[in-house]
Every structure is written in structure tokens, then in C-alpha cells.
Amino acid sequence: MKKPKTSQLLMKQAPCIPVNSRFPIEEYYDRAERLMRQAMIYRASMDHFNLFVIQARFSSLLLDTIPKHQEFKHKPANRERYKKLNEPLCRAISELESLTKTLDQGGDQGKKEKEKVGRGAARAGEPVAKRE
């Protein structure tokens, strides 16, 4: 049986955020901006695994979630804020492509880093599987 690639395992940690139109669209934009800042921190520390997960979440938020929100089409100000995030989105997609190649060629070092990613997710407030 073929082992899944590192990038595939990391993508599972960045699921698509479902749209809930009860929350104002500004909250989704704020979340995208926080993810951008977090990506800068991971990029500076050369933490490719967490950077990959954050960039995948950021891209998913901008490509899948925000355009489906009810307020997206009805308020012109939302379109302007979305356009401002286009350049960082292009960078994130480009970075994801290069990180995919880097991470999938990682070998044994990837196993150690995957464990580190799991611990990093726990620090970030992400749900972690309950251990017995």
C-alpha cells in the first residue's frame, strides 16, 4: 500500500471552513488577515509544515468560504476588501505549490515534523483527537 504524501496529510489539517451567514462577513475577513500574519511568523521561522497548513486555510477561506457568504455579493465594500487580499492569495497559492514539492520530498524528517505539527495545532486551539 502506498504511503500518503506529507502534503496530503497536512491538507487534512486545513479543512474548508463552512459558511455561516449569521456571522458577519467581516469576521471571515478578520480571520483571513490573522492567518496572513501567522503565515509571516511561520515563514520567518522556516516552519514549512505549519506554514503549509496556514496557507491552505487562508486559500480555502478566500476561494471557497467568503464568496459563498450572503453579504459578499450585496455589499461593494466587501468586494474591495476581497481585492486587497488577492495579492496575498496569489502568494499563498504559489507558496503552497513550492511547499508541496519540498514537503513531499522530505523523507524521514517529515515524520518528526508531522508530530510537531500536531502539537502546534494543539497550541493554536485546534481540536486534537482524545487520547486514552
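Considered as a group, the residues in segment 8-26 that are more than 11 Å from the chain's Cα centre (by Cα) and open to solvent by 90 Å² or more (accessible area, probe 1.4 Å) include one that is nearest to residue 58 (Cα to Cα), and that residue is 18. Selection of helices (runs of 4 or more DSSP H) fully inside segment 27-85 by the criterion of at least 3 residues being in contact with a helix residue (DSSP H, G or I) (Cβ under 7 Å, 6 or more places away or on another chain), at pLDDT 90 or above and open to solvent by less than 70 Å² (accessible area, probe 1.4 Å) returns 48-60. Pairs linking a residue in segment 76-96 that is under 11 Å from residue 62 (Cβ atoms) to a residue that is at pLDDT below 90 and part of a helix (DSSP H, G or I), with Cβ atoms under 8 Å and 6 or more positions apart or on different chains, are 82/72.
Would you call residue 92 part of a loop (DSSP other than H, G, I, E, B) and surrounded by 11 or more Cβ atoms within 10 Å (Cβ to Cβ)? No.
The values are calculated or read from the model by the stated rules, or taken from the named source; none is laboratory data. Worth saying up front: this structure is predicted, and the values here are computed from it rather than measured. Heads up, the Cβs are rebuilt from the backbone with ideal geometry, glycines too, and the neighbour counts pull from every protein chain shown. Only protein heavy atoms, including side chains, enter the accessible area calculation; ligands, DNA and RNA are left aside. Shrake-Rupley method; radii C 1.70, N 1.55, O 1.52, S 1.80 Å.
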